[in-house]
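Undergrad: This is the structure I want to talk about, given as structure tokens.
The values are calculated or read from the model by the stated rules, or taken from the named source; none is laboratory data. Quantities reported herein were computed from a predicted structural model and do not represent experimental measurements. Methodologically, a virtual Cβ is constructed for each residue, glycine included, from the backbone with ideal geometry; neighbour enumeration extends over all protein chains shown.
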Amino acid sequence: MDFLAIQLFNGLVNGAFYALLSLGLAVIFGMMRIVNFAHGAFYMLGAFVAYVLLQQAGIGFWPSLVIAPLAIALAGMVLERLLIRRIAGVDPLFGFLLTFGLSLLIQDAMRLRFGLQGQPYATPAELAGAVSLGAVTYPTYRLFVIAFSLAVSLAVWYAIERTRLGMVVRAATERAELTRALGVDVDRWTTPVFGFGLGLAALAGVLAAPMRNVSPLMGSELIILTFAVVVIGGMGSIKGAIAAGFLVGVLSSVGAIFDPAIEGIVAFALMAVLLLVRPSGLFGSLETS
Amino acid sequence: MLEITGLSAWYGEAQALREVSLRASPGEVVTLVGRNGAGKSTLLRCLMGLHAQMTGSVRLGERDLGPLGPVRRVHAGLGYVPDDRGIYSSLSVEEHLLLPPRLGQSAWTLERVYDAFPALRARRQQTASKLSGGEQQMLAIARVLRMGARVLLLDEPTEGLAPILVQQIARLLVDAKADALTILLVEQNLRFATSVADRHYLLGQGEIVTTLANDEVKAREHELRQHLGI
Amino acid sequence: MRGPVWLAVPLAGVIAAAACGGGTTPGGGASTVKLTNGKVVIGVINDQSGVYADLSGKNAVEAVQMAIDDFKAKYGDNALGGPITVISADHKNDPALASSKAQEFYERNNVNIILDVPTSSAALAIAKVANDEKKLYINITAATTDLTGASCNKYTFHYAYDTYMLAQGTGIAVTSSGGKQWYIIYPNYAFGQDMEKSFRAAVTSNGGTVIASDGSPFPNQTGDFSSLLLKAGQLKPQILGVMQAGGDLVNVVKQYNEFKLKDQGVKLAIGLLFDTDITALGQDAFAGVVYTTPWIWSEDDASKAFADKFLQRTKIRPTFAHAGNYSATTQYLEAIRRAGTDDPDAVVKALEGYKFSDFFIHNGQIRPEDHWVMHDAFLAQVKPKAESKEAFDYSKILNTIPADKASRPLAEAPCKMAK
């Protein structure tokens, strides 16, 4: 019984990463109709920014948790202005090619500079301990990851549901053209929204650095799963991204109790079933046009 | 004055509008009548800058709207109610009213909107997609009034509504007309059209077939019905 | 073709004996070696973009080039009567790609020998091609014992290490020093399953027990091993045997430290550890871990000298895969000298049964029955960072595992080789 409970925590930790990543994908897709295949690369960059800050400037985990997402968000905004903007409104295939190409470019550039074997990154001293939970001790840092990402997810959800900008994002996500025809300058917001989405990915990257191998490939492996999560939650749905993220995380971990192989399958099985039964996803409201 | 000259539009190779010219003055209600597929909705989309494949000129007063995108056209005074009412499922009733910008003094306050549409006040916090068809139509119109648009482009506002609601919308348009708004109404309901409009443009296969004043309608009703296929 | 070869063998043998016994023969003289295409081409097929790119990859190609350069320096540019070159290809850890690249190398590029080839499945695929083409293949970086077992053949040699060696070293050393209860986790594919089997055998034959073992999905997309580590925390075995390699291994150890399993008395034993893994996680995260390796760069002066030259050319210290590629290249070129020809059958003859030692191979002997290159292995331990004298000085050697102990007994090797 204890084991099941603790495994739930493991599921929540994994779910936290899915949620943060798919949240960013969802706002970007919603606002711009671009499936950002480079999302995993920015997750990886977030972790590397934290690593470089520590190595080169001695800047630790806590400042990095703020600096890295901001830096990546800024870079994302420049990128949106220079490149992404140009493919707005054309065949989605171009968006796929551009962002996929970008991800390869970033990944290989990092590989050239840092190699593939990965870089060390220590858990922040304040959270390096472990907490006793019944029969099992559980790393404090993981509890922090659960709490922190839940808080971030809720904050994003609140911002989307309760603020004027959130209202614009929701409207543009649902019907971009109509929103323009109602006099709302949707395109003014695409740059910050794109930056924000990438910032969330970078935040997930920093959170992952103490737990996962910091390597140029860390994002490309995770991103495939994240796409499954986004589809499960419903393309472009904020609530869906958060809920599906944690759901997939927990189900995978609980599944792993029975057989470790199940862990890798759950997301895709869930996606397949959902696509058959409810193609718009758990919370999707998108017409399948 | 809204003035359209020589407007043509295409969907790929297929021409949807041919050299359409029309005008509507402040305080005037003008309808576009015609069968399905005659090009009425396309004309409104062209006016809003939502349809790129077009030629011809659209002027509002002294201003050429041609180079403007949809957002700037709204700021120039156009208010658009699309044929599907343009309701968001992720926005509450009140958010629908708060979403568009407010343009000058002519913009309605929320209070005024709710006074005019009491049904909306009661459901202001609800998700708009849960409203009835008539309420959704009210909301779509209230939204452009709240904005303070000077030119209303309404795409079949009475479609599928109960007669009592149709009357309510007719009253609204009469009020708006009294406020010196310009109203371009796409309509298939001839009775409703004649109850509010000053002039009618009959559109057939992308062309203006004929123009007639409201008082001519009675005399030429047979001809009109033939064109409309009813 | 056959006549001259048989004539050349005894002659070359004399020369080689002179070379080995009486120091180096100065180069420059006309070569008596007969080359089929007037040149020797060495093909390196390995992972140049994926998880094993750092531990072998492009730098393994550089190691082969170094060996060629050193060979020429020793015997003269015309030592073999023609140019010696190296070409390489990325197999992206895909057996099908590896197989087609190997075929292309042998047929179109007239490659004499293929070297390196990490990833067991890709390694086995090339063994089959080598046999079909009747061309040489020395595998260095793959671990599977099948290369000298079920899939052995006349043209395939296995050079540096295999799962048997790793299990004999680490499994037995840890079990006999008191680590009796094991929980083994392994990546669920050919390599991991082979490792699990070898370790299970080594542990149980020395009085230990494997209380549980679990496969993890491969590839592991999430990089998360928490459920297995949680199970380890529950089972509380004396030893957690980790068979994952590369990036997966780094993730497991990172999370092992996170879950504080060491404090709970669960010790770590690692199946396969490369220096690059230690770089990835930081030396202290691995400190105290005992592992088996065929070679470490700091083991003796000859190795250090090689490592210094390698550092100059590549900016990194060599892994055992790099050193193994250098050594295998050298031994292959030497075998051509001994055989007096690059004819594959003659070179195989020259290699079989050959006894040698170099900086990489100690007490080496190429077993004719299965083409396993027997040699000493080492039980090593990762030092804490405080004890390391320079960058990449990660490990110290605890003891030597003699060649016969490190090699799978022929009786256990199911190799039926057509002669």
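Undergrad: For the stretch A:172-189, what are the residues that are surrounded by 23 or more Cβ atoms within 10 Å (Cβ to Cβ) and either more than 13 Å from chain B (Cβ to nearest Cβ) or closer than 30 Å to residue A:12 by Cα (or both)?
TA: Matches in the stretch A:172-189: A:173 only.
Undergrad: Run residue A:183 past the list (1) in contact with a Ser or Thr (Cβ under 7 Å, 6 or more places away or on another chain); (2) part of a loop (DSSP other than H, G, I, E, B) and report the number of the one that doesn't hold.
TA: Every listed condition holds for residue A:183 apart from (1).
Undergrad: Residue C:215 versus (1) within 8 Å of chain A (Cβ to nearest Cβ); (2) closer than 24 Å to residue A:145 by Cβ: which is the lone unmet condition?
TA: Tallying (1) within 8 Å of chain A (Cβ to nearest Cβ); (2) closer than 24 Å to residue A:145 by Cβ, residue C:215 fails exactly one: (2).
Undergrad: Go over the candidates C:49, C:88, C:99 one by one and state the one that is closer than 21 Å to residue C:248 by Cβ, of a type outside the set (Asp, Glu) and in contact (Cβ under 8 Å) with a residue 24 or more places away in the chain.
TA: Values: C:88 fails: closer than 21 Å to residue C:248 by Cβ; C:99 fails: closer than 21 Å to residue C:248 by Cβ.
After applying the criteria, what remains is C:49.
Undergrad: Can you name the residue in the stretch A:192-235 that is more than 23 Å from residue A:160 (Cβ to Cβ) and among the hydroxyl-bearing types (Ser, Thr, Tyr) and is also nearest to the other protein chains (Cβ to nearest Cβ) among such residues?
TA: Selected residue: A:215.
Undergrad: Being within 14 Å of chain C (Cβ to nearest Cβ), part of a helix (DSSP H, G or I), touching a Leu at 6+ places or on another chain (Cβ under 8 Å) and crowded, with 24+ Cβ neighbours inside 10 Å narrows it down to one of A:16, A:5, A:41, so name that one.
TA: Values: A:5 fails: crowded, with 24+ Cβ neighbours inside 10 Å; A:41 fails: within 14 Å of chain C (Cβ to nearest Cβ).
The match here is A:16.
Undergrad: Also: Residue A:104 - would you say it is touching a Ser or Thr at 6+ places or on another chain (Cβ under 6 Å) and either among the hydrophobic types (A, V, I, L, M, F, W, C) or assigned to a helix (DSSP H, G or I) (or both)? Steps first, please.
TA: Numbers: touching a Ser or Thr at 6+ places or on another chain (Cβ under 6 Å): no; either among the hydrophobic types (A, V, I, L, M, F, W, C) or assigned to a helix (DSSP H, G or I) (or both): yes.
No; evaluated as a whole, the condition is false for this residue.
Undergrad: Going residue by residue through the stretch C:174-181, is there one that turns out to be surrounded by 24 or more Cβ atoms within 10 Å (Cβ to Cβ), within 17 Å of residue C:264 (Cβ to Cβ) and among the small types (Gly, Ala, Ser)? Lay out the reasoning, then the answer.
TA: Going through the stretch C:174-181, the residues surrounded by 24 or more Cβ atoms within 10 Å (Cβ to Cβ) turn out to be C:174-175.
Those still in the list that are within 17 Å of residue C:264 (Cβ to Cβ) too: none.
No - not one qualifying residue is present in the stretch C:174-181.
Undergrad: Counting only residues that are under 22 Å from the mean Cα position of the chain (by Cα) and assigned to a helix (DSSP H, G or I), which one in the stretch A:107-120 is surrounded by the most Cβ atoms within 10 Å (Cβ to Cβ)?
TA: A:107
Undergrad: Does residue A:92 fit the bill of being crowded, with 16+ Cβ neighbours inside 10 Å and free of Cβ contacts under 8 Å to residues at least 60 places away in the same chain? Explain how you work it out, then say what you get.
TA: On the way: crowded, with 16+ Cβ neighbours inside 10 Å: no; free of Cβ contacts under 8 Å to residues at least 60 places away in the same chain: yes.
So residue A:92 does not fit the description; no.
Undergrad: Identify, please: which residue in the stretch A:124-143 is touching a Pro at 6+ places or on another chain (Cβ under 9 Å) and at pLDDT 90 or above and is, among those, nearest to the other protein chains (Cβ to nearest Cβ)? Break it down into steps so the answer makes sense when it comes.
TA: Step one: of the stretch A:124-143, the residues touching a Pro at 6+ places or on another chain (Cβ under 9 Å) are A:124, A:127-131, A:141.
Still in the running and at pLDDT 90 or above: A:124, A:127, A:141.
Details: A:124: 12, A:127: 10, A:141: 7 Å.
The residue in question is A:141.
Undergrad: So, one more: Of the residues in the stretch B:43-64, how many are crowded, with 21+ Cβ neighbours inside 10 Å and within 14 Å of chain A (Cβ to nearest Cβ)?
TA: 6
Undergrad: Now, a different point. Would you confirm whether any residue within the stretch A:121-132 is outside any helix (DSSP H, G or I), surrounded by fewer than 20 Cβ atoms within 10 Å (Cβ to Cβ) and in contact (Cβ under 8 Å) with a residue 60 or more places away in the chain? Give the steps one after another, and end with the answer.
TA: Taking the stretch A:121-132 as the starting set, the residues that turn out to be outside any helix (DSSP H, G or I) are A:121-124, A:128-132.
Remaining after also requiring surrounded by fewer than 20 Cβ atoms within 10 Å (Cβ to Cβ): A:122, A:124, A:128-129, A:131-132.
Checking the rest, the ones that are also in contact (Cβ under 8 Å) with a residue 60 or more places away in the chain come to A:122, A:124.
Looking for residues that are outside any helix (DSSP H, G or I), surrounded by fewer than 20 Cβ atoms within 10 Å (Cβ to Cβ) and in contact (Cβ under 8 Å) with a residue 60 or more places away in the chain, one finds at least one in the stretch A:121-132, hence yes.
Undergrad: Which one of these is basic (Lys, Arg), within 30 Å of residue A:133 (Cβ to Cβ) and surrounded by fewer than 21 Cβ atoms within 10 Å (Cβ to Cβ): C:315, C:304, C:262, C:309?
TA: Numbers: C:315 fails: within 30 Å of residue A:133 (Cβ to Cβ); C:304 fails: within 30 Å of residue A:133 (Cβ to Cβ); C:309 fails: within 30 Å of residue A:133 (Cβ to Cβ).
Just one listed residue meets the conditions, C:262.
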